[in-house]
Amino acid sequence: MAILKLVETAQELVGLKQLQTNNLRRLVGEAEAMKEGFVTSEYSLALLQKMHAVYPSIIVKEAEEVVGYTIVTNKEVLGEHPELDHLFNTLDATAYKGTLLKEVNYILIGQVCVAKSHRGQGWVPKMYDFYKNLHAKNYAYLVTDISQANKRSIRMHQKIGFETIGVIEQVGTGWDIVLWNWNA
């Protein structure tokens, strides 16, 4: 039986990293990526450890295997990953309801992924609800970006309640900036 929990061990971070690698767009092939979804950014284990030290990732674990994860981060990782830096800089210059995001306390999803064997079981909304329960008292919004080519992910985020507030050009393609207003 799969369980939802915060990362607690180095081995769980290694399992998260392995699931990330297994779902990288450049490795799964274009047809599979378009059908099943994908992740684009690859984070080093050192960066994952730094993110985890600030806010532990949420994982879905089946026995000893990590079969899902949501990585959350804030600006404490600036300077560690060019794509995250670009995203934070873009977000800070993006307005939502007339206010620049840099004026509001928001938290960023660095990536979400569920193993093919566990897709369609509602894990993404459960992970996001878990984060909302942990962080809504300190942050107004949960924000991320989604490759416009990743239709599966865009649909999932819309179902959860994320709204598109902008577009960013990154790694040679368009990305929707999406925001979940935790105060709505």
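Computed quantities for the displayed model
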item	result
Any pair with Cβ under 6 angstrom, 6 or more apart, that starts in region 108-126 at a residue that is in contact (Cβ under 8 Å) with a residue 12 or more places away in the chain and ends at one that is assigned to a strand (DSSP E or B) and hydroxyl-bearing (S, T, Y)	L108/T73; I109/T144; G110/T73; V112/T70; C113/Y69
Looking only at region 55-69, and only at residues there that are of a type in the set (V, I, T) and either touching a residue at least 60 places away in the same chain (Cβ under 8 Å) or out of contact with any strand residue (DSSP E or B) (no Cβ under 8 Å at 6 or more places or on another chain) (or both), the one that is nearest to Q18 (Cα to Cα)	V67
Candidate set: region 62-103, residues that are surrounded by 18 or more Cβ atoms within 10 Å (Cβ to Cβ) and farther than 24 Å from N150 by Cα; chosen: the one farthest from the chain's Cα centre (by Cα)	L101
Scope region 74-104; condition over 21 Å from P56 (Cβ atoms), part of a helix (DSSP H, G or I) and free of Cβ contacts under 8 Å to residues at least 24 places away in the same chain; matching residues	P82, D85, N89, D92, K102, E103
Selection count where residues are outside any strand (DSSP E or B), in contact with a helix residue (DSSP H, G or I) (Cβ under 7 Å, 6 or more places away or on another chain) and within 26 Å of P82 (Cβ to Cβ), scope region 157-174	1
Condition check for G110: at pLDDT below 95, outside any strand (DSSP E or B) and not basic (K, R)	no
H52 touching a strand residue (DSSP E or B) at 6+ places or on another chain (Cβ under 9 Å) and buried (at least 20 other Cβ atoms within 10 Å of the Cβ)	yes
Residue list for region 118-131, restricted to those being exposed (fewer than 15 other Cβ atoms within 10 Å of the Cβ) and outside any helix (DSSP H, G or I)	G120, Q121, G122
In region 12-33, residue surrounded by the most Cβ atoms within 10 Å (Cβ to Cβ) [restricted to those that are acidic (D, E) and modelled with pLDDT under 85]	E32
Conditions (1) under 30 Å from E62 (Cβ atoms); (2) at pLDDT 95 or above; (3) surrounded by fewer than 19 Cβ atoms within 10 Å (Cβ to Cβ): number failed by L134	(2)
Boolean, T9 is more than 21 Å from G120 (Cβ to Cβ), β-branched (V, I, T) and at pLDDT below 75	no
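Residues checked against (1) more than 22 Å from S41 (Cβ to Cβ); (2) hydroxyl-bearing (S, T, Y):
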site: K126; (1), (2): yes, no
site: F130; (1), (2): no, no
site: Y141; (1), (2): no, yes
site: D145; (1), (2): no, no
site: A149; (1), (2): no, no
site: R152; (1), (2): no, no
site: Q158; (1), (2): no, no
site: W180; (1), (2): no, no
site: N183; (1), (2): yes, no
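The values are calculated or read from the model by the stated rules, or taken from the named source; none is laboratory data. Every value quoted in this text rests on a predicted model; they were computed, and no experiment measured them. All Cβ positions, glycine included, derive from the backbone under ideal geometry; neighbour counts span all protein chains shown.
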